[in-house]
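Q: Pasting in a structure now, in structure tokens, and then I'll have a few things to ask.
Please treat every number below as a calculation from the coordinates, not as lab data. Being a predicted model, the structure only gives us computed values, none of them experimental. So basically every Cβ, Gly included, is an ideal-geometry build from the backbone, and we count neighbours across all protein chains shown.
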Amino acid sequence: MRDGETGLTYRQLLEANNAIQTIGDDTYWLCVTRTVQESKLFPVPAYMLLSYLNCFYRYPTLLRKIEAVMPAEEIGDRARLMGAKFGNLPGWGLPTFYLLGREMLINFGMLRPEDAAEDVVYVLDFWRRFKLAQQREDGHLNAREFGQRVQLLPERRVQVFHADLHRCENGDRLHKAAHGFLAAVSQYGFMISCESRVTLNNSGPYRLGPDRELIVRDFTDLAQGDYPWLDGVGDDIAYNNLTVTMEVKDCHFYLMDDWGSFESKPEFTADKLVGVGLYTSDVLSDNYMPVGMGSAEELADTFETLTAKIKDAIAALWRRVSTWSRDQMMDAGAIVYFSIIKDFAHVAGVYDHDDWMTIDERADRFRPLFNDEFGRDFLGEMVGLVDLPSQRLSSHVMMQHNGQSARYISQLPPTVVQGEGVPMPAGLAPGVSSLGGKQDVYTTTAGKISLAEYNQRAGAARPAQMAPEYAALSDSWLKWNAQDPRADALYRLEQAHSRNLKDRGIGLTAEAIEALRG
């Protein structure tokens, strides 16, 4: 098949349709097995629909703006160095939210499947390159391909997490402090993200021993930063992103999906937590930085102090949200979902508040349609029942997970290669928001700084492990080249802030790490 005026090739078309199909299969399974998208406070289904349209109209332009400075593959490589908003949840949300916005417009009669083909192919290609780089160590594209688990960290980082875990047991001070913090920060994150899970991310498991596993839990956007509703709420929280490492005994995590849900056999209960660690990171930190990790007592103090500050922030946020109109709740919720990949712009040093914290006027024109009833019913039809006109197929077809004659997301017809379809206009339309202004203060690992300084520092930042001599040294290469001086140097870079592994270099076994823990 010859290429047409679009410049798209048949190969690109086939790869895009493969991505559309697998994303749809995965998303259906996630939607029907993991959660209910409802809230007594926020109009969640309605703001989700608004967010999908915002993603459709804005992602192609914003991703091209990012990639003009930093390719998707490099963002994926850098994502392994931090627990900011680059985890498996943003990785799933990037193509899915965009494609669901497209599916809405197809059903509204405003788009045909062949329209905006170049944008569709580009967004899916960006996603694939980012995810394959991010999960370079395990070789999978997403959790679905790995039997619903995510092991994206290299050995050297898992070794540091393992070695520096502080032991705890049910009932002791550190154990109580860790569980108190996890409960508070989960509640806080849920409120920050308008009663969604967008600020939470979990990954793993990693084997620490025959009866022990490590899971990694990321909590993002906790402090005064991108979200305007955290000005005056999260000011006293010193860390925008926090990563908790958890050593768990006598249960196996058989599921750790792209939404960060986890399940284990036997069930994970508080008494099974036997080790814990705490880190912060962002695009300026060069790596994960330990927080309060000097001793078990210091870590307990840190958890207790953070918990008290977070509880104060929860109360302040409740007071603020209680005054919001429905439009403000709609804006905040839609922005949270849409901006799930905003840290891609931060790492490239091209973040702009109006790009990510406003609703595109082309999406906003649909707002009157999204009352509670329409939001609930249309979202349910699209992501649960899979019963919209665009999703119905011939009676001979059987959907993967339920056998009905449907396809979750409409594929691109091959005629787009011959030039069929209408392209989307380039650029962003103006954005709107009812949430008020944003203070020019952003909490980072370099302190509280202005956005201009944040972008300047991010644009100049080059993590040591991303230097040309180290960037390509994967675990597969290190296995066969452990005697190369670069291998030992790379491990020492990872170990620079480790309490127990500093300057140990390459070659440690899990047994040796256990001995170093004492």
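Q: What base-10 log of the normalised intensity I(q)/I(0) is obtained for the chain from the Debye formula, alpha carbons as equal point scatterers, at q = 0.08, 0.12, 0.13 Å⁻¹?
A: Each listed q corresponds, in turn, to -0.50, -1.16, -1.35.
Q: Using helices alone, what [θ] at 222 nm do you get for the chain, with -39,500 (n - 2.57) per DSSP H run of 4 or more residues, divided over all residues and rounded to the nearest 500?
A: Values: 17 runs with 222 residues, N = 518.
Mean residue ellipticity at 222 nm (helix-derived): -13500 deg cm²/dmol.
Q: What ranking do LYS438, LYS40, LYS85, LYS311 get, fewest neighbouring Cβ atoms within 10 angstrom at the top?
A: Working: LYS438 20, LYS40 6, LYS85 27, LYS311 14.
With the fewest neighbours first, LYS438, LYS40, LYS85, LYS311 line up as LYS40, LYS311, LYS438, LYS85.
Q: Compute the angle between helix 173-192 and the longest alpha-carbon principal axis of the chain, please, reported from 0 to 90 degrees and rounded to the nearest 10.
A: 20 degrees
Q: Note the angle between two axes, namely the Cα long axis of helix 88-107 and the longest principal axis of the Cα atoms of the chain, as a number of degrees from 0 to 90, rounded to the nearest 10.
A: Around 10 degrees separate the two axes.
Q: Of LYS479/LYS502; LYS85/LYS438; LYS342/LYS502; LYS176/LYS249; LYS131/LYS176, which pairs sit farther than 28 Å apart, going by alpha carbon to alpha carbon? Show your work: numbers first, answer last.
A: Numbers: LYS479/LYS502 21 Å; LYS85/LYS438 20 Å; LYS342/LYS502 33 Å; LYS176/LYS249 17 Å; LYS131/LYS176 36 Å.
The pairs that break the limit, which is 28 Å between Cα atoms, are LYS342/LYS502; LYS131/LYS176.
Q: Let me ask something additional. With N denoting the number of residues in the stretch 21-73, provide Rg(C-alpha) divided by 2.2 N^0.38 Å, to two decimal places.
A: Values: Rg = 15.2 Å, N = 53, 2.2 N^0.38 = 9.9 Å.
Here the Cα radius of gyration is 1.53 times the empirical estimate.
Q: Would you list TYR47, TYR442 from fewest to most Cβ contacts within 10 Å?
A: Final ranking by Cβ density, sparse to dense: TYR442, TYR47.
Q: Compute the helix-to-body angle for 326-338: its Cα long axis versus the longest principal axis of the chain, expressed 0 to 90° and rounded to tens.
A: Approximately 70 degrees, to the nearest 10.
Q: Given the Cα atoms of the stretch 335-430, and with Rh set as the inverse mean 1/r over their pairs in the Kirkwood sense, what is Rg to Rh to two decimals? The partial results should precede the final answer.
A: Values: Rg = 17.9 Å, Rh = 17.0 Å.
Dividing the radius of gyration by the Kirkwood radius yields 1.05.
Q: Ok, one more. Mind sorting ASP226, ASP77 by how few other Cβ atoms lie within 10 Å of their own Cβ, fewest first?
A: On the way: ASP226 23, ASP77 20.
Neighbour counts put them in this order, fewest first: ASP77, ASP226.
Q: Please get the size of the charge dipole for the stretch 44-175, origin at its Cα centre, with Cβ charges of +1 on Lys and Arg and -1 on Asp and Glu, quoted in debye to the nearest 20.
A: Working: 18 positive and 17 negative charges, 50 e Å.
So the magnitude is around 240 debye.
Q: Putting +1 on Lys and Arg Cβ atoms and -1 on Asp and Glu Cβ atoms, find which of ALA238, SER285, VAL248 reaches farthest to the positive end of the dipole of the stretch 237-301.
A: VAL248
Q: Where nothing but the Cβ of Lys and Arg (+1) and of Asp and Glu (-1) is charged, how large is the charge dipole of the stretch 426-515 around its Cα centre, in debye to the nearest 20?
A: 300 debye
Q: Hey, got the dipole for the stretch 360-430? About the Cα centre, +1 on K and R Cβ, -1 on D and E Cβ, debye to the nearest 20? Walk me through the numbers before you get to the answer.
A: Values: 6 positive and 9 negative charges, 41 e Å.
The calculated dipole for the stretch 360-430 is roughly 200 debye.
Q: Could you pull the Rg and Dmax for the stretch 44-169, using just the Cα atoms, both in Å?
A: 17.4, 59
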